[in-house]
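Everything below concerns the one structure shown next.
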Amino acid sequence: MSSTEHDVGGAEPQTDWESIQGSPEFTDLRRRLRVFVFPMTALFLLWYLLYVLLADYAHGFMSTKLVGNINVGLVFGLLQFVSTFVITGLYVRYANRKLDPVSDEIRAQIEGVPGK
């Protein structure tokens with residue numbers, strides 16, 4: 001049983017999650033999340049697809065030596081990891097600036113915290 005549900009005595013009122021989900025604040029929060037997540041996901045998938053296609057169809061290019069035994073394919077492969085960390089950092093920054101303030105406000109309204 002959650003902290004907002006009580007079946008005996010009703011010490012705390014139940015939270016109306018459907019009205020919260022339909023509220024303009026929650027709708028804005030979902031929109032803000034989607035504005036970041038969908039384009040970034042598409043960008044990463046295109047970047048990954050480029051890597052896979054080059055590895056499969058551009059053997060000569062991907063096997064081009066850059067320095068010693070390091071070739072273009074290895075660099076592209078390592079950049080997949082780098083791009084994952086960059087996207088994570090961008091998301092954290094975006095969430096801190098655009099998502100967390102709205103979610104904190106919604107949480108304060110739900111919990112009835114005065115002054116928020």
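The values are calculated or read from the model by the stated rules, or taken from the named source; none is laboratory data. Source: prediction; values computed, not measured. In this analysis, Cβ positions are derived from the backbone assuming ideal geometry, glycine residues included, and neighbour counts consider all displayed protein chains.
Overview of results
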quantity	calculated
Residue check for ILE70: surrounded by 11 or more Cβ atoms within 10 Å (Cβ to Cβ), under 30 Å from SER19 (Cα atoms) and among the aliphatic types (A, V, I, L, M)	no
Selected residue (criterion: surrounded by the fewest Cβ atoms within 10 Å (Cβ to Cβ)) from residues of the stretch 21-31 that are under 17 Å from the mean Cα position of the chain (by Cα) and touching a residue at least 12 places away in the same chain (Cβ under 8 Å)	ASP28
Given (1) in contact with a Pro (Cβ under 9 Å, 6 or more places away or on another chain); (2) at pLDDT 95 or above; (3) small (Gly, Ala, Ser), index of the condition ALA108 fails	(2)
PHE85 being exposed (fewer than 11 other Cβ atoms within 10 Å of the Cβ) and either outside any helix (DSSP H, G or I) or modelled with pLDDT of 95 or more (or both)	yes
Filter result for LYS65 (under 22 Å from the mean Cα position of the chain (by Cα) and basic (Lys, Arg))	no
Cβ pairs under 7 Å, 6+ apart, first in the stretch 32-57 and under 16 Å from LEU79 (Cα atoms), second surrounded by 14 or more Cβ atoms within 10 Å (Cβ to Cβ) and among the hydroxyl-bearing types (Ser, Thr, Tyr)	PHE44/SER83; TRP47/SER83
Hey, PHE44 surrounded by 11 or more Cβ atoms within 10 Å (Cβ to Cβ), at pLDDT below 95 and part of a helix (DSSP H, G or I) or not	no
Qualifying position, being within 28 Å of LEU45 (Cα to Cα) and over 27 Å from the mean Cα position of the chain (by Cα), among GLY89, GLY73	GLY73
